[in-house]
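The values are calculated or read from the model by the stated rules, or taken from the named source; none is laboratory data. Predicted model only: the values in this text are computed from it and were never measured. Because the Cβ atoms are built from the backbone with ideal geometry, glycine has one as well, and the counts that use them run over all protein chains shown. These accessible areas exclude ligands, DNA and RNA; they are computed on the full protein's heavy atoms, side chains included. Shrake-Rupley method; radii C 1.70, N 1.55, O 1.52, S 1.80 Å.
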Amino acid sequence: MTTLLLQAADTLVGGVANAAASFASRAVSGLISGRGGPEDSLRVSEGPRLKEMAGLTSTEGAPIPRVYGRARVGGQLIWATRFEEVATTTTHVERQAPRSGGKGGGARPATRTTVSTSYSYFANLAIGICEGPIGFVRRVWADGREVDLTTLTLRVHRGDESQHPDALIVAKEGEGAAPAYRGLAYVVFERLPLAPWGNRVPQFSFEVVRPLSGVREIIRSVCLIPGATEFGYDPVPVSRVLGLGASAPENAHQFARNSDVLASLDQLQALCPQLTGVSVVVTWFGDDLRAGHCTVSPRVDLQAKATAGAEWAVAGLGRATAQETSRSGGIAAYGGTPSDDGLVRLILELKARGLAVTLYPFLMMDVPDGNGRPDPRTGAAHQPAYPWRGRITCDPAPGRPGTVDGTAAAAAQIAAFFGAAAPAHFSVAGQTVVYAGPPEWSFRRLALHYGHLAAAAGGVDAFVIGSELVGLTRVRSASGVYPATAELQSLAADLRAVLGPGTKLTYAADWTEYGAHVRDGGDEVRFPLDPLWADPAIDAVGIDWYPPLSDWRDAPAHLDEAEGRGPRDLAYLAGRVAGGEAYSWFYAGDAERDAQIRTPITDGVHGEPWLFRPKDLVGWWSNSHHERVGGVRGGATAW
C-alpha cells in the first residue's frame with residue numbers, strides 16, 4: 001500500500017520560515033531606523049488533520065449479490081490505498097492605518113501577516129458490487145445522496161471472465177500483483193475527494209443494470225428518438241438561462257455524463273453489445289392535411305428562451321424568427337426541431353463510436369385542436385388535432401363528392417406540397433447549410449436541407465427520403481398515374497447527387513402503402529410505389545410494419561380462443577405474422593368487426609390472393625406485379 005503523502009509540506013515550511021524571517025527583518029530595521037516595529041505582527045494558523053480514515057469497511061465472508069434486471073445494491077470495500085493528504089498554505093498581509101513612529105519621527109503603516117494551512121483528503125478505493133457480468137452502473141449514491149459522476153474519476157469493471165486489472169491498482173501494487181477480480185463487477189474511485197462527506201469515506205450504493213441474455217445480443221440497430229427536441233441530441237451541455245445567476249438544464253438531466261445523449265448512448269452500447277447502427281430521427285412540422293396548403297418547417301418550443309452552451313439555429317432560422325409549436329394544456333405540444341450544429345455533433349459522435357448512421361428526416365403534424373382548417377376527408381370545419389402525416393391528401397380527398405383525385409388539380413396540390421427546392425439552391429459553409437432558393441417551406445426543402453447537412457458532417461451511411469405518405473402516394477392525376485411517386489423519384493435522384501454513392505437511400509412506406517392499391521372491388525389493381533422501388537437511386541425497400549397480430553377479445557367465446565392461450569402467447573402471435581387479419585381474412589366494416597364476421601381473402605380469377613394481403617410480404621416480393629384495369633390483367637410493372 002502507498003504511504004501518506006504531504007505534497008505541500010515544503011511550501012508550508014518555506015512559507016512559515018519566510019514569513020517569520022521577513023517579520024524579523026522588518027522589526028530589526030524598524031529599531032535601527034528609530035521607527036516603531038511592535039505594530040507588525042505574524043499569525044500562524046493550522047486546520048485540523050486526520051490520523052485515520054473512518055467510513056466504508058469490508059466484511060469477511062460477505063455474500064456476493066446476484067442482480068437480475070435493475071436493482072440498487074450496496075458494496076464491499078475490496079482494495080484501497082492510504083488516504084492522500086494535501087496541505088494548502090496561504091499567506092495574507094493586511095496593512096493597517098499609519099501610526100506615529102519613534103525617535104526620528106515619521107509615521108509608517110503597520111502590517112499583520114497571517115499564514116494559514118488547511119488540509120484536504122483524497123481516497124483511492126475499489127468497491128465490489130455484485131456478480132458479473134453486468135450491463136452498466138446507472139446511478140451512484142453516497143450517504144443516500146446521488147453523486148454527480150461527471151465531477152469524479154470513476155471506472156466501472158463489468159465483471160466478465162476476461163476483464164483486466166484496473167490501471168490504478170496495477171500502478172500501486174505492481175504488474176502481476178494486481179488482482180483482476182474476474183467474475184466480480186466492481187468500481188474504482190481515483191482520488192475521491194472526501195471533504196463533501198466530512199473527510200470520511202461515505203456509504204455507497206449503486207443502481208446496477210444486468211440484462212438477461214437473449215434479445216440484447218441480437219439487436220443490431222435502433223431508432224433514436226425523440227425527433228422533436230431542440231438540444232436533446234447535442235453532446236454539448238446546454239442550459240436555459242432563467243435570470244441573473246439562475247439556470248436550468250436543457251439536455252443534462254442525469255449525473256452520469258455531461259449531456260443526456262452521451263449517457264443514453266453509453267447505456268445503449270452496454271446493453272446491446274452487437275449494436276452496429278443508429279437511425280436518427282429529426283423533425284420538421286406540417287400544418288395542414290390539405291396537400292396544397294401544407295407548409296413544412298422547423299419550429300422551436302418557445303421563442304422567449306435564452307440558452308447558454310449553444311444557440312438554436314436550423315435552416316437559416318434563429319429562435320426569434322422560427323415559429324413556435326402549438327400549445328396544448330398550456331405547454332408546447334412538441335419539442336422543437338433539433339438544432340443543426342447539435343445534430344452535426346451527434347453524427348460525429350456516433351461515427352466516433354463506430355456506429356453506422358441513418359439520418360431520418362421526419363414530418364410531424366402540428367395541427368392543434370380547434371384549428372379552423374377544413375378536413376379534406378370529411379369536410380368538417382376542423383381537422384383532427386395532431387393527426388398522422390399519412391392523412392395528408394388532396395382536397396377534396398379521394399372518395400368524397402367533388403374530389404380532385406384523378407385530375408390535374410391533384411397533381412398541382414401535390415407539387416405544392418413537395419415544392420421546388422433543388423440541390424443548386426443549397427450550399428455548405430463549414431458545417432452550416434445555406435439556402436438561396438424560392439421562399440418556400442416544403443417537403444423537398446426538408447429532405448434536401450438534411451441531405452446537405454449530412455454531407456457537411458462527412459456523410460452518413462443511409463438516408464430516409466420520406467415516410468408514410470400514403471395519403472399522397474395513393475392520389476392520382478389520371479388513371480394509373482401517381483404524381484407523389486414521381487416526386488419521390490425526383491427527390492431520390494437529387495439526394496443521390498448530394499450524398500454520393502456511399503449512402504444508401506430508401507423510402508419508409510406504411511405497411512398498407514408499399515404494395516397494391518385496390519379500387520372498384522378489385523377490378524382495378526395498381527402498384528403506385530413500384531416505380532420508386534425499381535428506381536436505381538433507391539437501395540432498399542423500407543416498410544414501417546404495424547399490422548394487426550391479435551384479435552383477442554375480453555369477452556368469453558371469441559374466435560381467437562381456439563388459436564391461442566391469450567394475447568401474450570408467442571406461438572399464437574407468431575402464427576399471425578403471415579396469417580389472420582389482412583392475410584387470411586378481413587372485416588368488411590365496423591359492424592362485422594364487432595361481430596367477428598370474417599371474410600376470406602381470395603382471388604378466384606387469376607389466383608393471386610397475395611395482391612389483396614397487406615401482410616403477405618413473401619408473395620409481394622416473390623412474384624411479378626401485374627396491374628389490372630377493368631378486371632383485365634396487364635403486363636408486369638418495373639418491379
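Being aliphatic (A, V, I, L, M) and part of a helix (DSSP H, G or I) is the filter; apply it to the stretch 205-244 and report the residue that is modelled with the lowest pLDDT.
Top of the filtered list is Val215.
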Practice item. For Arg49, indicate whether it is modelled with pLDDT of 50 or more, surrounded by 12 or more Cβ atoms within 10 Å (Cβ to Cβ) and part of a strand (DSSP E or B). Key: no
Review point. Is it the case that the stretch 107-122 has a residue that's assigned to a strand (DSSP E or B), modelled with pLDDT under 95, surrounded by 16 or more Cβ atoms within 10 Å (Cβ to Cβ) and among the aliphatic types (A, V, I, L, M)?
Key: yes
Exercise for review: Can you give me the ranges of the helices (runs of 4 or more DSSP H) entirely in the stretch 562-637 with at least 2 residues that are farther than 22 Å from Glu513 by Cα and among the small types (Gly, Ala, Ser)?
Suggested key: 570-575, 590-595
Practice item. Quick one: in the stretch 192-246, of everything that is of a type in the set (Gly, Ala, Ser) and either exposed (fewer than 13 other Cβ atoms within 10 Å of the Cβ) or without any contact (Cβ under 8 Å) to a residue 12 or more places away in the chain (or both), which residue is nearest to Pro65 (Cα to Cα)? Key: Ser213
Exercise for review: Run down Gly515, Gly521 and say which single residue is open to solvent by less than 60 Å² (accessible area, probe 1.4 Å) and either assigned to a helix (DSSP H, G or I) or not basic (Lys, Arg) (or both).
Suggested key: Gly515
Review point. Identify, please: which residue in the stretch 247-266 is of a type in the set (S, T, N, Q) and buried (at least 18 other Cβ atoms within 10 Å of the Cβ) and is, among those, farthest from Leu350 (Cα to Cα)?
Key: Gln254
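Is there a residue being at pLDDT 90 or above, more than 39 Å from the chain's Cα centre (by Cα) and over 30 Å from Val215 (Cβ atoms) anywhere in the stretch 177-195?
yes
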Review point. Can you spot a residue in the stretch 540-547 that is assigned to a strand (DSSP E or B), closer than 19 Å to Arg476 by Cβ and not polar (S, T, N, Q)?
Key: no
Review point. Of these, Leu348, Leu363, which one is under 29 Å from the mean Cα position of the chain (by Cα) and open to solvent by less than 20 Å² (accessible area, probe 1.4 Å)?
Key: Leu363
Review point. For the stretch 456-467, which residues satisfy the criterion of being within 19 Å of Asp539 (Cβ to Cβ) and either out of contact with any strand residue (DSSP E or B) (no Cβ under 6 Å at 6 or more places or on another chain) or not hydrophobic (A, V, I, L, M, F, W, C) (or both)?
Key: Gly459, Asp461, Gly466, Ser467
**Study point:** Scope the stretch 497-512; condition open to solvent by 50 Å² or more (accessible area, probe 1.4 Å) and touching a residue at least 24 places away in the same chain (Cβ under 8 Å); matching residues
**Key:** Ala497, Gly502, Lys504, Thr512
**Study point:** Residue check for Thr473: among the β-branched types (Val, Ile, Thr) and without any contact (Cβ under 8 Å) to a residue 60 or more places away in the chain
**Key:** yes
**Study point:** Count - residues of the stretch 564-583 that are open to solvent by less than 50 Å² (accessible area, probe 1.4 Å) and under 12 Å from Arg613 (Cβ atoms)
**Key:** 5
Exercise for review: Would you mention how many residues in the stretch 126-176 are more than 15 Å from Ile78 (Cβ to Cβ), open to solvent by 50 Å² or more (accessible area, probe 1.4 Å) and not in a strand (DSSP E or B)?
Suggested key: 14
**Study point:** Filter result (closer than 30 Å to Gly635 by Cα and of a type in the set (Gly, Ala, Ser)) within the stretch 530-578
**Key:** Ala534, Ala537, Ala540, Gly542, Ala578
**Study point:** Enumeration of residues in the stretch 335-345 that are touching a Gly at 6+ places or on another chain (Cβ under 9 Å) and either surrounded by fewer than 21 Cβ atoms within 10 Å (Cβ to Cβ) or among the hydroxyl-bearing types (Ser, Thr, Tyr) (or both)
**Key:** Gly335, Thr337
Revision key, fill the gap. Here the residues within the stretch 369-387 that are within 21 Å of Glu468 (Cβ to Cβ), of a type in the set (A, V, I, L, M) and over 36 Å from the mean Cα position of the chain (by Cα) are none
Review point. Yes or no: Thr602 open to solvent by 60 Å² or more (accessible area, probe 1.4 Å) and either free of Cβ contacts under 8 Å to residues at least 60 places away in the same chain or touching a strand residue (DSSP E or B) at 6+ places or on another chain (Cβ under 7 Å) (or both)?
Key: yes
